[in-house]
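Asker: The structure's right below; bear with me while I get my questions together.
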Amino acid sequence: MSEHLLHIDFTRGRGLQEQIREHLTTMIHQNHFGDRALPSCRKMAEMLKVSRNTIVLVYEKLVDEGFLISRERSGYFVNLDYLSQNTQLVSRTFSLNPSVSDSCSSSISWKDRLVRDLSSYQNIRKPSDWQDYPYPFIFGQPDHSLFPLNQWRECSRLAQRQSAMKAWVSDFMDNDDEFLVDQLKQHVLSKRGIQVSTDEILVTVGTQNSLYLLASLLAGKGTRLGMEDPGYPDARNIFTHHGAEVVPLGMDDQGVMPDSQMDTCDYLYLTPSHQVPTNVTMSMERRQALLSQASKKDFIIIEDDYESETNLQAQPHPALKSLDQSGRVIYVGSLSKSLSPGLRIGFLVADAELIQQARMLRRLMYRHPPMNNQRTAALFISMGYYDSYLRKLRKSYGEKWQVMSEALERYLPGSIINHTSGGCSFWLRLPDAIDLDSLVFRCATEGIIIEPGDVHFLSSKSPGNFIRLGFSAIAPEAITPGIQILAQVISAQAYPLDCPSRLPVAV
């Protein structure tokens, strides 16, 4: 066996046994070893520069699972029965599809077959490698260093006990984990003043999924959806995709402004706690007026309370849903911004009749979110780990908010549109002379990620140059130097060459 075939570029953060096993199973599937013995444990350990025990454990595991066989005094060999079964399957597949390359290069025009072309939708743009940037002023990503990994592992282990497996291994059709629903009622919704019954809650795979279910059930040609402008582009795209006409609603420092245009809408999509993207918190007076108008004019409010768990305000306003006396508010919540976006755990709260319809529609799509994640999350909440984590999160985000606010006031004075401490981002207006696309590119070359604000406006042309700077994912010590560099880039863009800068430059 040639040595170069057994070279592995080990990745940090993954176990050695895991990576060696992955590499060997790939080579077995590709029949690299044939009928020859694999390198001995000692030889393999020398080539990969790992301990002999590591290789022994990998080999023995592959023997237990049928990939390899052990021959006394001869070594380890590929199990030819396993290999022949897989080879026959591949051969049969190719015999049924003899011209795979020809079929892949067919001239089918899928664009002509699409009912709707989604390429025209504007979406929030974020680089996939944002974690490699030294100054990621990105919104919607948590600080991974704060995640209570040990506690989550404990809950995951408890969820996988033999006695608990029946709670998530079986097919539950369209039901949710009753334990998680109960925890959401007691420890999440209750904090927002919401008291509902079990049949008024549906677990989803995040806010976008909740909105898609609602749009599928409620929107169509002729439906009018009122939406804050600027607002959340994913919500706009989801309802537009289902045929709704999106109506822009004006904003002020108290939130969305009730007006006659609102009266013509069937539904309103609102983010009253922390408005996307401005962070304005809707006043209590405005909330009461909005609910009164909804009752008089017969429209429904979809309340997206996306950042409620990481609220930095000492006494946040109660959710619109908690003030609703007539069932006109549909509540959309999520654990993504607080716990982890990757877990995809959200929830929908509405009248039982609508929840039942959403449950039936969800069954047609994916039945229910993964039960193992639901049970682990339920245990995490019930054991107090979630509340403990939120306290740590709020403390960290509060400190970052203070550092961010001071840095912006020093290096980009007058740029902050709203000074509320409610959200995990800042909404800034920059000089009109700046080209946003050019600014984003230039910032990236300096290691800074910023989010252009134009995507949030319903009109293709925004009324100014806006950017959103998130601070949840950036290290505290990187905030001030990042803002300094950002101010320099903005100054160079807005006042090039010999034009005197009216923005402070970092010294």
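The values are calculated or read from the model by the stated rules, or taken from the named source; none is laboratory data. The shown structure was predicted, so the numbers you read here are calculated from the model rather than taken from an experiment. With ideal geometry, Cβ positions are generated from the backbone for all residues, glycine too; neighbour counts draw on all protein chains shown. Quick note on the areas: whole protein, heavy atoms, side chains included, nothing else; ligands and nucleic acids left out. Shrake-Rupley method; radii C 1.70, N 1.55, O 1.52, S 1.80 Å.
Asker: Which is among the aromatic types (Phe, Trp, Tyr) and over 13 Å from ILE479 (Cβ atoms), of TYR411, TYR386, TYR397? I'd like the intermediate steps shown before the answer.
Answerer: Details: TYR411 fails: over 13 Å from ILE479 (Cβ atoms); TYR397 fails: over 13 Å from ILE479 (Cβ atoms).
From the options TYR411, TYR386, TYR397, the qualifying one is TYR386.
Asker: Are there any helices (runs of 4 or more DSSP H) wholly within the range 1-65 with 2 or more residues that are under 15 Å from PHE77 (Cβ atoms) and either among the hydroxyl-bearing types (Ser, Thr, Tyr) or open to solvent by 30 Å² or more (accessible area, probe 1.4 Å) (or both), and if so which? Walk me through it before giving the result.
Answerer: Working: elements: 16-29, 41-48, 52-64.
Helices (runs of 4 or more DSSP H) meeting the threshold: 52-64.
Asker: For the range 451-471, indicate whether the set of residues that are of a type outside the set (Phe, Trp, Tyr), in contact with a Cys (Cβ under 7 Å, 6 or more places away or on another chain), buried (at least 17 other Cβ atoms within 10 Å of the Cβ) and not in a strand (DSSP E or B) is non-empty. Give the derivation first.
Answerer: The first filter runs over the range 451-471 and keeps only residues of a type outside the set (Phe, Trp, Tyr), leaving 451-456, 458-465, 467-470.
When the remaining residues are screened for being in contact with a Cys (Cβ under 7 Å, 6 or more places away or on another chain), the result is 470.
Filter once more, so that each one left must be buried (at least 17 other Cβ atoms within 10 Å of the Cβ): 470.
If we keep only those that are not in a strand (DSSP E or B) too, we end up with none.
No, the conditions are met nowhere in the range 451-471.
Asker: If you go through the range 472-481, how many residues are open to solvent by 10 Å² or more (accessible area, probe 1.4 Å) and farther than 16 Å from SER340 by Cα?
Answerer: Of all residues in the range 472-481, those open to solvent by 10 Å² or more (accessible area, probe 1.4 Å) come to 473, 475-478, 480-481.
Subset that is farther than 16 Å from SER340 by Cα: 475-478, 480-481.
Going through the range 472-481 one residue at a time, the tally reaches 6.
Asker: If a residue has to be open to solvent by 80 Å² or more (accessible area, probe 1.4 Å) and farther than 21 Å from MET282 by Cα to count, how many in the range 410-438 make the cut? Steps first, please.
Answerer: Filtering the range 410-438 down to residues open to solvent by 80 Å² or more (accessible area, probe 1.4 Å) leaves 410, 417, 419, 429, 432, 435, 437.
Narrowing the set further to residues that are farther than 21 Å from MET282 by Cα leaves 410, 432, 435, 437.
Going through the range 410-438 one residue at a time, the tally reaches 4.
Asker: Which of (1) at pLDDT 80 or above; (2) over 30 Å from HIS456 (Cα atoms); (3) of a type in the set (Lys, Arg) does LYS166 not meet, given it meets every other one?
Answerer: Here LYS166 clears every test but (1).
Asker: Moving on to the next point. Given (1) part of a loop (DSSP other than H, G, I, E, B); (2) farther than 20 Å from LYS392 by Cβ; (3) open to solvent by less than 70 Å² (accessible area, probe 1.4 Å), where does PRO142 come up short, assuming only one miss?
Answerer: Just one mismatch for PRO142, condition (2).
Asker: So, one more: Checking ILE448 against (1) at pLDDT 95 or above; (2) out of contact with any helix residue (DSSP H, G or I) (no Cβ under 6 Å at 6 or more places or on another chain); (3) not polar (S, T, N, Q), only one condition comes out false. Which one?
Answerer: That leaves (2) as the condition not met.
Asker: When only residues in the range 372-404 that are free of Cβ contacts under 8 Å to residues at least 60 places away in the same chain and closer than 30 Å to GLN484 by Cβ count, which is surrounded by the most Cβ atoms within 10 Å (Cβ to Cβ)?
Answerer: Our first condition is that a residue be free of Cβ contacts under 8 Å to residues at least 60 places away in the same chain; within the range 372-404, this holds for 373, 384, 391, 395, 402.
Adding the requirement that they be closer than 30 Å to GLN484 by Cβ leaves 395, 402.
Values: LYS395: 12, GLN402: 14.
Checked the range 372-404; the qualifying residue surrounded by the most Cβ atoms within 10 Å (Cβ to Cβ) is GLN402.
Asker: Of all residues being among the hydroxyl-bearing types (Ser, Thr, Tyr) and under 17 Å from CYS265 (Cα atoms) in the range 217-241, which is farthest from the chain's Cα centre (by Cα)? Just the residue, please. Break it down stepwise before answering.
Answerer: Of the range 217-241, the ones among the hydroxyl-bearing types (Ser, Thr, Tyr) are 223, 232, 240.
Subsequent filtering for residues that are under 17 Å from CYS265 (Cα atoms) retains 223, 240.
Numbers: THR223: 28, THR240: 21 Å.
Within the range 217-241, the match that is farthest from the chain's Cα centre (by Cα) is THR223.
Asker: Could you tell me how many of the residues in the range 220-233 are more than 17 Å from SER462 (Cα to Cα) and either in contact with a strand residue (DSSP E or B) (Cβ under 6 Å, 6 or more places away or on another chain) or not small (Gly, Ala, Ser) (or both)? Quick ask: steps written out before the conclusion?
Answerer: Just the residues of the range 220-233 that are more than 17 Å from SER462 (Cα to Cα), to begin with: 220-226.
Of the ones still in play, those that are also either in contact with a strand residue (DSSP E or B) (Cβ under 6 Å, 6 or more places away or on another chain) or not small (Gly, Ala, Ser) (or both) are 221, 223-226.
Residues flagged as more than 17 Å from SER462 (Cα to Cα) and either in contact with a strand residue (DSSP E or B) (Cβ under 6 Å, 6 or more places away or on another chain) or not small (Gly, Ala, Ser) (or both) within the range 220-233 amount to 5.
Asker: Looking at the range 264-287, can you tell me whether even one residue there is over 26 Å from TRP427 (Cβ atoms), free of Cβ contacts under 8 Å to residues at least 12 places away in the same chain, out of contact with any Gly (no Cβ under 8 Å at 6 or more places or on another chain) and of a type outside the set (A, V, I, L, M)?
Answerer: Kept after step one, since they are over 26 Å from TRP427 (Cβ atoms), are these residues of the range 264-287: 264, 266.
Okay, now just the ones that are also free of Cβ contacts under 8 Å to residues at least 12 places away in the same chain, so none.
No, the range 264-287 has no match at all.
Asker: Is it fair to say ARG394 is within 21 Å of the chain's Cα centre (by Cα), assigned to a helix (DSSP H, G or I) and modelled with pLDDT under 90?
Answerer: Details: within 21 Å of the chain's Cα centre (by Cα): yes; assigned to a helix (DSSP H, G or I): yes; modelled with pLDDT under 90: yes.
For ARG394, the condition - within 21 Å of the chain's Cα centre (by Cα), assigned to a helix (DSSP H, G or I) and modelled with pLDDT under 90 - is met.
Asker: Across the range 405-450, what is the number of residues that are assigned to a strand (DSSP E or B) and either touching a residue at least 40 places away in the same chain (Cβ under 8 Å) or of a type in the set (A, V, I, L, M, F, W, C) (or both)?
Answerer: First, the residues of the range 405-450 that are assigned to a strand (DSSP E or B): 416, 425-430, 448-449.
So of that shortlist, the ones also either touching a residue at least 40 places away in the same chain (Cβ under 8 Å) or of a type in the set (A, V, I, L, M, F, W, C) (or both) come out as 416, 425-428, 430, 448-449.
Of the residues in the range 405-450, 8 are assigned to a strand (DSSP E or B) and either touching a residue at least 40 places away in the same chain (Cβ under 8 Å) or of a type in the set (A, V, I, L, M, F, W, C) (or both).
Asker: Further, regarding this structure: Tell me, yes or no, whether the range 248-258 has at least one residue that is under 23 Å from the mean Cα position of the chain (by Cα), on the phi < 0 side of the Ramachandran plot and among the polar types (S, T, N, Q). Please lay out each step first, then the result.
Answerer: Going residue by residue through the range 248-258, those that are under 23 Å from the mean Cα position of the chain (by Cα) are none.
No, there is no match, as no residue in the range 248-258 is under 23 Å from the mean Cα position of the chain (by Cα), on the phi < 0 side of the Ramachandran plot and among the polar types (S, T, N, Q).
Asker: Within the range 345-366, which residues are out of contact with any helix residue (DSSP H, G or I) (no Cβ under 8 Å at 6 or more places or on another chain) and aromatic (Phe, Trp, Tyr)?
Answerer: TYR366
Asker: Any residue in the range 66-80 that is of a type in the set (Gly, Ala, Ser) sitting within a Cβ distance under 6 Å of a residue that is in a strand (DSSP E or B)? List the pairs, counting only those 6 or more apart or interchain.
Answerer: Close Cβ pairs (under 6 Å, with a partner that is in a strand (DSSP E or B)) amount to SER70/TYR76.
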